[in-house]
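Data block below; observations after.
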Amino acid sequence: MKEYIAILKNTKLFAGVGENEIEAMLSCLGATSETYQKGEYVFRAGEHINQLTVLVEGELHIQRDDYWGNRCIVSRIAVGEMFGEAYASPDSGALLNDVVAVRSSVVMFFDIHRILSVCPSACRFHSLAVKNIFYAISEKNRKLVAKLGHISQRTTREKLLSYLSDEAKKQNSSIFQIPFNRQQLADFLSVDRSAMSNELCKMRDEGLIEFEKNMFKLFSHCD
């Protein structure tokens, strides 16, 4: 696990903590790691967890499939991002969604009770960790609000433009890459893939956008 310390240092959980401190804390926090191949489940909806997790390699999706097999991608987890913190409290209930590896991934698990309890050495990390977890939950809430803004648009075109505009602003460029393929983007925006692909082609033909796979370019008259 030591090979991932540099990544952990840049995570929300370990913000403000030095690499030497992180190495010493791994055993204190009961850290373990697991490797998941593409398509494997890290967690399934309905499970109860008592661990906080950090992705240190690969990519994960938090997703939900309904009774008929229709999929909604709730969010994407990139390297360095934390998940599971929303279920830290004892009465938080079972997981509402699945967590699935999009490609080969390595996940680190931390005992949430050890994080929230003061250790015998009373290291400064524990008070800092609680603050960091609060900040992480706040950031995820902002992302969910942004997604609600996209999917609350009435038409497929409006949903696409809302999402693409947001990505362009985040990357501070009219030319940018999105983290989804076509099916994943459709699942994320809760639209039909064929209808979405047709709309993208119409938008391209109208000179609103250009795209090649997951690279996009917006033109100023998209606004």
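Listed by position, the helices (runs of 4 or more DSSP H) enclosed by segment 126-223 that each have at least 2 residues that are among the polar types (S, T, N, Q), within 30 Å of Ala86 (Cα to Cα) and not assigned by TED's automatic domain parsing to the domain that holds Gln63 are 156-171, 182-189.
Looking across segment 1-16, the residues that are in a loop (DSSP other than H, G, I, E, B) and of a type in the set (A, V, I, L, M, F, W, C) come down to Met1, Leu13, Phe14, Ala15.
Apart from one condition, Leu148 fits all of (1) surrounded by 13 or more Cβ atoms within 10 Å (Cβ to Cβ); (2) more than 21 Å from Val102 (Cβ to Cβ); (3) under 21 Å from the mean Cα position of the chain (by Cα); the exception is (1). Looking at the structure I just gave you, is Gly39 touching a strand residue (DSSP E or B) at 6+ places or on another chain (Cβ under 8 Å) and of a type in the set (Gly, Ala, Ser)? Criteria met by Gly39.
Of the residues making up segment 6-44, those that are over 14 Å from Ile115 (Cα atoms) and either aromatic (Phe, Trp, Tyr) or not assigned by TED's automatic domain parsing to the domain that holds Leu95 (or both) are Tyr36, Tyr41, Phe43.
Would you check if there is a residue in segment 98-110 being farther than 30 Å from Ser220 by Cα and either at pLDDT below 85 or surrounded by fewer than 17 Cβ atoms within 10 Å (Cβ to Cβ) (or both)? The answer is yes; a qualifying residue exists.
The residues listed here are Gly80, Gly93; of these, the one that is modelled with pLDDT of 80 or more and surrounded by fewer than 16 Cβ atoms within 10 Å (Cβ to Cβ) is Gly93.
The values are calculated or read from the model by the stated rules, or taken from the named source; none is laboratory data. Keep in mind it's a predicted model, so treat the numbers as computed, not measured. When we count neighbours, we look across all protein chains shown, and the Cβ atoms used for this are built from the backbone with ideal geometry, even at glycine.
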